[in-house]
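For reference, the structure is listed below as structure tokens.
Readers should treat all values here as calculations from the given coordinates under stated rules, not as data from a laboratory. Being a predicted model, the structure only gives us computed values, none of them experimental. All Cβ positions, glycine included, derive from the backbone under ideal geometry; neighbour counts span all protein chains shown.
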Amino acid sequence: MKTIFGTATALALLSTPVLAAPAPYTLDASHSQVLFSYDHLGFSTTYGLFSGFDGEISFDAEDPAASSVSVSFPVRSMMTGWEARFEHFMSEDFFGAAEDDMVTFTSTAIEVTGENTALITGDLSMNGITKEVVLDTVLNQAGQHPMAEKAWLGFDATTTLLRSDFEVGAFAPFVSDEVQVMISIEAEAAE
């Protein structure tokens, strides 16, 4: 991870007089998504999505373990593909979500596990509950964005959550308590 992070970022920032570590990045809301899926009664896998959210990455190319990430988005920004399902998820059966209820993630530790992989531990807050989660993360690319002409990062990550940990476990175990989470984000160098 150090090799790829260090080399790619150094190349991307050659025009910068001094490479300060860590470097601030902001999420590209148009290319950052959180996709979730769960088993529905054994008949199907149902999907939902959060997109267009805000976040910041402090990226240390020389010492990736010293990097950090924070993300937040409204619960009601969830997309399910069916309005009746969305309304049910926002009801008291699940989130009981008001307009200002947020989902947040703030990293607390990063363990580098390979040349482009890491385990990012952090606090996930949702439905008024905060739990520690671990994101199995891959750096897809660090380099110069060909259109924006600035330093850019891209990551994918996965984790599994238990709905019941956040008190949104209605209908479990018939509707699976386990939710698979897939994250893909891009971030641009902050100006």
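Computed over the chain, the per-residue total of -39500 (n - 2.57) for DSSP H runs of n ≥ 4 gives a 222 nm mean residue ellipticity of -3000 deg cm²/dmol, rounded to 500. Count Lys and Arg as plus one, Asp and Glu as minus one, and take only other residues whose Cβ is under 15 Å from that of GLY154; the net charge is then -3.
Cα extents for the chain along the principal axes, largest to smallest and rounded to whole angstrom: 56, 30, 29.
Tell me, what is the percent relative contact order of the chain, built from C-alpha pairs under 8 Å that lie six or more residues apart? Relative contact order for the chain comes out at 25 percent. Under the convention that each Lys and Arg Cβ holds +1 and each Asp and Glu Cβ holds -1, the size of the dipole of the chain around its Cα centre is about 320 debye.
Angle of helix 2-12 to the longest C-alpha principal axis of the chain, folded into 0 to 90 degrees and rounded to 10: 70°. Work through the residues other than SER30 whose Cβ is under 13 Å from its Cβ and net out their charges, Lys, Arg +1 and Asp, Glu -1. That sum, taken over residues with Cβ under 13 Å, equals -4.
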